[in-house]
Amino acid sequence: METTLTESQIREQLRMNTGTTGYYHHPLFKAINYTDGIRDLYQKCESLWLVIDILAIIKLCYLDHEFITIHLHKNKGEDSCYVTYHGHDGNELHKQEYTYTDFPLNDYTQNGNHYPALKLYYASRVLYLPSEH
C-alpha cells in the first residue's frame, strides 16, 4: 500500500496509465474487465471497495450500455462523497452516495473549471481511466 503519496503524486502516477497490457476481473463480476489503470487506482488510493461498488452497479443496471462516464465527487475536508453514472448523451443515470470515505482524491478547480475527484469510463464491458481511452 502506498499511503505516503500526496494527492498530486497519485494524480500524476494515474495519468501515466496510457494503455493496458492486461485485463482483469473481479470473481463476482466476470462479465466486466478492468485495466491496469483501474488496478493502479485501487492500489494507490486503497479503494478496492469503490471498484467493487462500481462493478456491481454496472452489472446490475448498465452492463450492455455502449458508454458510461463515472464521476466521483468529494470536497476537500469532508468525509462523504458521491458517485454519478452518465450515459453517452451526458444524462445522469444513477447516483450513489457514501456518508463516509477516506478516498484520498478531491474535486478540484483548474482554469476556472470544476472537475470531479475521479473520472472513469466504461465501454465494451471494460472499466478504464480516461488516460487509457
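Only the coordinates and a few stated rules stand behind these numbers; no lab work does. Source: prediction; values computed, not measured. Note that each Cβ is placed from the backbone with ideal geometry, even for glycine, and that neighbours are counted across all protein chains shown.
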Enumeration of residues in the stretch 122-133 that are buried (at least 16 other Cβ atoms within 10 Å of the Cβ) and either under 19 Å from Cys45 (Cα atoms) or among the acidic types (Asp, Glu) (or both):
Leu127, Tyr128, Leu129, Glu132
Out of (1) of a type outside the set (Phe, Trp, Tyr); (2) assigned to a loop (DSSP other than H, G, I, E, B); (3) over 19 Å from His133 (Cβ atoms); (4) over 14 Å from the mean Cα position of the chain (by Cα), the one Glu46 does not meet is (4)
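Restricting to the stretch 87-120, count the residues that are part of a strand (DSSP E or B) and surrounded by 17 or more Cβ atoms within 10 Å (Cβ to Cβ). Give the steps one after another, and end with the answer.
First pass over the stretch 87-120, keeping only residues part of a strand (DSSP E or B): 92-98, 108-110, 113-115, 118-120.
From the residues that got through so far, the ones that are surrounded by 17 or more Cβ atoms within 10 Å (Cβ to Cβ) too are 118, 120.
Count: 2.
Output the number of residues of the stretch 37-52 satisfying the condition of being of a type in the set (Lys, Arg) and touching a Phe, Trp or Tyr at 6+ places or on another chain (Cβ under 9 Å). Full working, then the answer.
Kept after step one, since they are of a type in the set (Lys, Arg), are these residues of the stretch 37-52: 39, 44.
Now drop any that are not touching a Phe, Trp or Tyr at 6+ places or on another chain (Cβ under 9 Å), which leaves 39.
Qualifying residue count for the region: 1.
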Options Tyr42, Tyr34: the member that is closer than 22 Å to Thr21 by Cα, surrounded by 15 or more Cβ atoms within 10 Å (Cβ to Cβ) and without any contact (Cβ under 8 Å) to a residue 24 or more places away in the chain:
Tyr42
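Might you check whether a residue that is under 23 Å from Glu12 (Cα atoms), of a type outside the set (Asp, Glu) and exposed (fewer than 15 other Cβ atoms within 10 Å of the Cβ) occurs anywhere in the stretch 61-74? Talk me through it step by step, then tell me what you get.
Here is the first cut: in the stretch 61-74, the residues under 23 Å from Glu12 (Cα atoms) are 69-74.
Narrowing further to those that are of a type outside the set (Asp, Glu): 69-74.
Going one step further and asking which of them are exposed (fewer than 15 other Cβ atoms within 10 Å of the Cβ), we end up with none.
The answer is no; no qualifying residue exists.
Considering only residues that are in a loop (DSSP other than H, G, I, E, B) and either surrounded by 11 or more Cβ atoms within 10 Å (Cβ to Cβ) or in contact (Cβ under 8 Å) with a residue 60 or more places away in the chain (or both), which ones fall in the stretch 1-27? First the steps, then the outcome.
Within the stretch 1-27, the first condition is being in a loop (DSSP other than H, G, I, E, B), and the residues that meet it are 1-6, 16-23, 25-27.
Of everything in the stretch 1-27, those that are in a loop (DSSP other than H, G, I, E, B) and either surrounded by 11 or more Cβ atoms within 10 Å (Cβ to Cβ) or in contact (Cβ under 8 Å) with a residue 60 or more places away in the chain (or both) turn out to be Glu2, Leu5, Met16, Asn17, Thr18, Gly19, Thr20, Tyr23, His25, His26.
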